[in-house]
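Okay, structure first, notes after.
The values are calculated or read from the model by the stated rules, or taken from the named source; none is laboratory data. The model shown is predicted, which means the values in this text are computed figures rather than measured ones. Using ideal geometry, Cβ is built from the backbone for each residue, glycine included, and neighbour counts are taken over all protein chains shown.
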Number of protein chains: 2
Amino acid sequence: MESELEAGPKEIPDIVVGRLPIYLRALQRMLEEGRRLTSSQELGERLGISAAQIRKDLSQFGEFGKQGTGYSIEFLADQILQILKVNRVWDMVVVGAGDIGSAIARYQGFANRGFKVTMLFDNDPQKVGQVIGPFTVQDATELEESIRQAEIIIAMVATPSADAQGVADRLVSAGVKAILNYAPISLNVPEDVHVQYIDPVIHLQRMTYYL
Amino acid sequence: MESELEAGPKEIPDIVVGRLPIYLRALQRMLEEGRRLTSSQELGERLGISAAQIRKDLSQFGEFGKQGTGYSIEFLADQILQILKVNRVWDMVVVGAGDIGSAIARYQGFANRGFKVTMLFDNDPQKVGQVIGPFTVQDATELEESIRQAEIIIAMVATPSADAQGVADRLVSAGVKAILNYAPISLNVPEDVHVQYIDPVIHLQRMTYYL
């Protein structure tokens, strides 16, 4: 007799989850190129990941390919879209309308990949009311109310480091469950809130080690 | 008798190298806060990494702490600066003077972390000659010559996806050994060239899996 625990869904390692978006991006690019079939070998060569690793990662989620014929690109992309829950569009807010926040708000690369910026906030009275791309910068004092009303659960933080933790606390209290943080500082959030970081210096320092 | 291979420096896993910049950032923040000593426990709590993992990572490079008294923050930060080779300033070029390229060129966060943008290029005649922050946008046709002359080996690519591979090829031919790529596409480069990626959607999709 299986226990409820054993019958539950298998927990996938986060590092495997982290590779799925990279596979998806490559597959979507192949679709744009008019391609229909691919293999773990080809994907691996494009991405610098071994074919065996790709097959192992994908097998955690099901049987997507056929021995000999490889993967249908459209089917596999579709499956990964579902697994990552980006077969829909998630609304997002951006906090901080400086250079980086403005660049994010105007970024064209979210479209068709599951995301849409819908609000841009700043606490600087000089910036509030300004038009940046398709947005009018909103007063950060309205942050919690606007987020709750729109039921948004994804936010990007592009404030100075000194403000980032305070903003994160307010986002969490408004119900946000996923934060992409551009401020170069680690955030403390409750366990049920996910944080990812974008700090170019971290990536640069990782490369200089090898130079 | 040891073989030359065994006597050579121990190869550190890339995933460990990748955590060092995160430790360094936390240590530098503690220094700014006026702190002098820390422990693997405290670092672990700040970063959401286990204390055991931090001790194991650091022990790959040497003995940095004392049982009972913990780590001298300044000494440990200094050691990591040396290991990552950022106890100096690396000049960098940015290719692409759109929203993202401009934001990077103006970004204040490189100072004191080992990097400095020194040139900004674009291939759009409308942009060449424009002043963006402290830079005058240079014509991308001058890319190779300028990079070779200044002996720059680090570049950031912030072009449209369709241009990124071509730009990367030109950077490599000019001697660049490390590329931070903001275009949402995987780059093919020779084995001795390092590439890191900044694509916000990859991070967002990694979080939506859990929502």
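Would you list the helices (runs of 4 or more DSSP H) that sit entirely within the range B:21-102 and hold 3 or more residues that are within 11 Å of chain A (Cβ to nearest Cβ)? Break it down stepwise before answering.
Working: elements: B:40-47, B:51-59, B:73-83.
Once the helices (runs of 4 or more DSSP H) in the range B:21-102 are filtered for at least 3 residues that are within 11 Å of chain A (Cβ to nearest Cβ), what remains is B:40-47, B:73-83.
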Within the range B:172-211, considering residues that are buried (at least 18 other Cβ atoms within 10 Å of the Cβ) and among the polar types (S, T, N, Q), the one farthest from residue B:124 (Cα to Cα): B:208
Identify the single condition in (1) more than 10 Å from every other protein chain (Cβ to nearest Cβ); (2) surrounded by 21 or more Cβ atoms within 10 Å (Cβ to Cβ) that residue B:113 does not satisfy, given that it satisfies every other one. (1)
Within the range A:165-196, restricting attention to residues that are more than 8 Å from chain B (Cβ to nearest Cβ) and closer than 18 Å to residue B:113 by Cα, which residue is nearest to the chain's Cα centre (by Cα)? A:182
Please identify the pairs in which a residue from the range B:102-124 that is closer than 17 Å to residue B:87 by Cα has its Cβ atom under 6 Å from the Cβ atom of a residue that is buried (at least 16 other Cβ atoms within 10 Å of the Cβ) and among the small types (Gly, Ala, Ser), counting only partners at least 6 apart or on another chain. B:117/B:105
Of the conditions (1) away from chain B (no Cβ under 13 Å); (2) assigned to a helix (DSSP H, G or I), residue A:118 satisfies every one except a single condition; which number is it? (2)
Just one of (1) among the small types (Gly, Ala, Ser); (2) touching an Asp or Glu at 6+ places or on another chain (Cβ under 8 Å); (3) at pLDDT 95 or above; (4) crowded, with 20+ Cβ neighbours inside 10 Å trips up residue B:103, so point out which. (3)
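Taking the conditions exactly as written (of a type in the set (Asp, Glu), at pLDDT below 95 and not in a loop (DSSP other than H, G, I, E, B)), does residue A:6 satisfy them or not?
Numbers: of a type in the set (Asp, Glu): yes; at pLDDT below 95: yes; not in a loop (DSSP other than H, G, I, E, B): yes.
So residue A:6 passes the test.
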Considering only residues that are assigned to a strand (DSSP E or B), more than 14 Å from every other protein chain (Cβ to nearest Cβ) and touching a helix residue (DSSP H, G or I) at 6+ places or on another chain (Cβ under 9 Å), which ones fall in the range B:123-164? B:138
Just wondering, is there one or more residues in the range A:10-20 that are surrounded by 14 or more Cβ atoms within 10 Å (Cβ to Cβ) and at pLDDT 95 or above? yes
Exclusive hit being at pLDDT below 90 and of a type in the set (S, T, N, Q), set A:67, A:41, A:53: A:67
Restricting to the range B:181-198, name every residue that is in a strand (DSSP E or B), closer than 24 Å to residue A:27 by Cβ and not aromatic (Phe, Trp, Tyr). B:181, B:195, B:196
Hey, among the residues in the range B:116-135 that are within 19 Å of residue B:161 (Cα to Cα) and among the charged types (D, E, K, R), which one's surrounded by the most Cβ atoms within 10 Å (Cβ to Cβ)? B:122
Exactly one of (1) in a helix (DSSP H, G or I); (2) buried (at least 17 other Cβ atoms within 10 Å of the Cβ); (3) not hydrophobic (A, V, I, L, M, F, W, C) is unmet by residue B:169. Its number? (2)
When (1) at pLDDT 95 or above; (2) more than 9 Å from every other protein chain (Cβ to nearest Cβ); (3) closer than 25 Å to residue A:21 by Cβ are applied to residue B:204, the one that fails is (2)
